[in-house]
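Please read the structure below before turning to the comments.
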Amino acid sequence: MLFNSYIFIFLFLPIVLAVWYLFNKFEKYKMAQVFLIGMSLWFYAYFNSSYLVIILVSCFINYFFSYLLTKRDSAGFQKGMLIVGCVVNLGMLGYFKYYDFFLENVNAVFHTDFALRHILLPLGISFFTFQQLSFVIDRCRGDAPHYSLIDYLNFVTFFPQLIAGPIVLHSELIPQFQDKERRKFDTDSFAKGIAYFTIGMGKKVLLADTLAKAVNYGFADIAGLDVLSAAVVALAYTFELYFDFSGYCDMAIGLGKMFHIEIPDNFNAPYKSASVKEFWRRWHMTLGRFFTTYVYFPLGGSRKGKVRTVINTMIVFLLSGLWHGANWTFVFWGFLHGVGVSINSIFMKKEKKTEVVEKTLLEQRKAAFFKRLAQLVTFIYVCLAFVFFRSDSMADGMLFMKRLFSFEYNGSIFAVAEALEISEIYIVTKVLSMKVSQLLPFVHLFLLFVIIVISVVVLCQKRTREIVESCTWKTSFSLKMSILFVWAVLSLSGVSTFLYFNF
């Protein structure tokens, strides 16, 4: 079930919120949790009920591991359970996500003919697997208690973050469910949740879904692109991916606040980064936290010299790329980011704590100029790397790069612009097509320019948390949120998908 759907907004969510607070008002805390678990599982199984068996088996297996650790706490047993837990979780993820990918490569290298199973990827399996894996690792380290089954199922299945993240830690979520004060309806938290959800839905539905039409057209006909259209399509995808994923995460955070539950941020204005390393401190922060905590640090981090640091960094980013999908394009995307972060780690000077010295106006302007230049270079690098992230194959990615640097012009930008099909001006374009059809391509091009400018303006604004936490719900803010909500809801009639369902 999508957050940005009529059934979710007008049926599922009101029912869950009403019954949740009703049970808690009468201090039926366990019943409230059981109800929430049941509704979260319905939310998860909405598209395909067979997914339900997979997530429940995964939950019960990991909970059983936690239970076994209550019976024996020796170092040897903990180490053994750590290995078993990692093998089981990663094995399950590997089977559903990488089985066919592995066989395809075996067939290609050894000229074999193993049959592919075309396994249907369960929704959000990468997210809930990593979430549970972090718990199992913490349990084996002695950093997590053994929770009740109800608390554990709430932690894994809580629907706002179930299929799209952020990847929440047990220590962040379970204590909140155990806090009875958080079971009370909080007007301020609920109002902020509505604002979060509305802004996120606006980013997702009005910006990401609109840009997606031009992006899909461009990547469907890469050979037909020229330098201008390829550059616009690459830029549009960079914006689309951010608005799609960050918008969905904003909606998740907003839904959490409606339940008086805090879910961690996943984005912090990543396109304002002045280096690839900084980009990964701001992009998909909970995934970065997972790989840093459970992979990078155990490998030695940056404590064993520059060569080992580079090796550890590359391992993390290759795994991060593979986590996103079973395709060499994702691995190569991870490789490019690993290279970028490694270069930053080797050549960038570490910040030193020094006394504050007042800079001259010239020095301030020079520093500001080089910061803006670093931000531009970083954004271009990230944008080009995303070309491979979006491409269906390495050949397509290379072809896109060839078209991007071909310095040829064939007018394909008009076809890319026409693909936007902005429904809000359907009547205008229909009239133009009948009266002055020769102007229509230029109108489409102008609209493409407008949506790109709007995207840039939105990216330059304060991030959602800053907007929501500073709001006072005066008439102007309430009116803006109301208009945005109605506009986004009216736009739900179009076809909408969520990119990270694929991951």
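The values are calculated or read from the model by the stated rules, or taken from the named source; none is laboratory data. Model, not experiment: these values are computed from the prediction. For neighbour counting, all protein chains shown are included, and Cβ atoms are generated from backbone atoms with ideal geometry for every residue, glycine included. Heavy atoms of the whole protein, side chains included, go into the accessibility calculation; ligands, DNA and RNA do not. Shrake-Rupley method; radii C 1.70, N 1.55, O 1.52, S 1.80 Å.
I need the full set of residues from the range 229-269 which are out of contact with any Gly (no Cβ under 9 Å at 6 or more places or on another chain), surrounded by fewer than 22 Cβ atoms within 10 Å (Cβ to Cβ) and either assigned to a helix (DSSP H, G or I) or not aromatic (Phe, Trp, Tyr) (or both), in order please.
Hits for the range 229-269 are 231, 235, 241, 264, 265, 268, 269.
When you scan the range 289-305, do you find a residue that is under 24 Å from residue 157 (Cβ atoms), assigned to a helix (DSSP H, G or I) and not aromatic (Phe, Trp, Tyr), even just one?
Filtering the range 289-305 for residues under 24 Å from residue 157 (Cβ atoms) gives 289-291, 293-294.
After this cut, where a residue has to be assigned to a helix (DSSP H, G or I) as well, the list is 289-291, 293-294.
Cutting the leftovers down to not aromatic (Phe, Trp, Tyr) gives us 289, 293.
Yes, the range 289-305 contains a residue that is under 24 Å from residue 157 (Cβ atoms), assigned to a helix (DSSP H, G or I) and not aromatic (Phe, Trp, Tyr).
Among the residues of the range 189-214, count how many are in contact with a Cys (Cβ under 8 Å, 6 or more places away or on another chain) and open to solvent by 20 Å² or more (accessible area, probe 1.4 Å). Step through it out loud before you land on a result.
From the range 189-214, those in contact with a Cys (Cβ under 8 Å, 6 or more places away or on another chain) are 192, 195, 200; that's our starting set.
In the following step, the residues that additionally are open to solvent by 20 Å² or more (accessible area, probe 1.4 Å) were identified as 192.
Result for the range 189-214: 1.
Taking only the range 89-126 into account, find how many residues are part of a helix (DSSP H, G or I), hydrophobic (A, V, I, L, M, F, W, C) and within 23 Å of residue 54 (Cβ to Cβ). Let's see the steps before the verdict.
Our first condition is that a residue be part of a helix (DSSP H, G or I); within the range 89-126, this holds for 89-110, 125-126.
Then keep just the ones that are hydrophobic (A, V, I, L, M, F, W, C); that gives 90, 92-93, 96, 101-103, 106, 108-110, 125.
Next cut, within 23 Å of residue 54 (Cβ to Cβ) only: 90, 92-93, 96, 101-103, 125.
Matching residues across the range 89-126 total 8.
In the range 288-334, which residues are touching a residue at least 24 places away in the same chain (Cβ under 8 Å) and of a type in the set (D, E, K, R)?
Result: 289, 306.
If residue 368 satisfies all but one of (1) closer than 29 Å to residue 155 by Cα; (2) open to solvent by 20 Å² or more (accessible area, probe 1.4 Å), what's the number of the condition it fails?
For residue 368, the exception is condition (1).
Would you say residue 15 is open to solvent by 70 Å² or more (accessible area, probe 1.4 Å) and free of Cβ contacts under 8 Å to residues at least 60 places away in the same chain? Spell out how you get there, then give the answer.
Numbers: open to solvent by 70 Å² or more (accessible area, probe 1.4 Å): yes; free of Cβ contacts under 8 Å to residues at least 60 places away in the same chain: yes.
Judged against the criteria, residue 15 is a match.
Would you check if residue 294 is of a type in the set (Phe, Trp, Tyr) and more than 19 Å from the chain's Cα centre (by Cα)? Let's see the steps before the verdict.
Values: of a type in the set (Phe, Trp, Tyr): yes; more than 19 Å from the chain's Cα centre (by Cα): yes.
Considered against the rule, which asks whether it is of a type in the set (Phe, Trp, Tyr) and more than 19 Å from the chain's Cα centre (by Cα), residue 294 comes out as yes.
Do any residues in the range 117-146 that are touching a residue at least 60 places away in the same chain (Cβ under 8 Å) have Cβ atoms under 6 Å from those of residues that are of a type in the set (Val, Ile, Thr) and open to solvent by 20 Å² or more (accessible area, probe 1.4 Å), where the two are at least six apart or on different chains, and which pairs are they?
Partner pairs satisfying both residue conditions: 122/54; 146/70.
Quick check on residue 217: is it among the hydroxyl-bearing types (Ser, Thr, Tyr), open to solvent by 30 Å² or more (accessible area, probe 1.4 Å) and within 23 Å of the chain's Cα centre (by Cα)?
In short, yes.
Of the residues 332, 317, which single one is closer than 24 Å to residue 90 by Cβ, assigned to a helix (DSSP H, G or I) and open to solvent by less than 30 Å² (accessible area, probe 1.4 Å)?
Values: 332 fails: open to solvent by less than 30 Å² (accessible area, probe 1.4 Å).
Step by step, each of 332, 317 is checked, and only 317 is closer than 24 Å to residue 90 by Cβ, assigned to a helix (DSSP H, G or I) and open to solvent by less than 30 Å² (accessible area, probe 1.4 Å).
For (1) of a type in the set (A, V, I, L, M, F, W, C); (2) in contact (Cβ under 8 Å) with a residue 60 or more places away in the chain; (3) in contact with a His (Cβ under 8 Å, 6 or more places away or on another chain), each residue gets a yes or a no:
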residue	(1), (2), (3)
109	yes, no, no
115	yes, no, no
151	no, yes, no
154	no, yes, no
160	no, yes, no
164	yes, yes, no
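Being assigned to a loop (DSSP other than H, G, I, E, B), open to solvent by 60 Å² or more (accessible area, probe 1.4 Å) and either touching a Leu at 6+ places or on another chain (Cβ under 8 Å) or of a type outside the set (Phe, Trp, Tyr) (or both), is that true of even one residue in the range 71-88?
Our first condition is that a residue be assigned to a loop (DSSP other than H, G, I, E, B); within the range 71-88, this holds for 72-74.
Those still in the list that are open to solvent by 60 Å² or more (accessible area, probe 1.4 Å) too: 72-73.
Checking the rest, the ones that are also either touching a Leu at 6+ places or on another chain (Cβ under 8 Å) or of a type outside the set (Phe, Trp, Tyr) (or both) come to 72-73.
Yes - at least one qualifying residue is present in the range 71-88.
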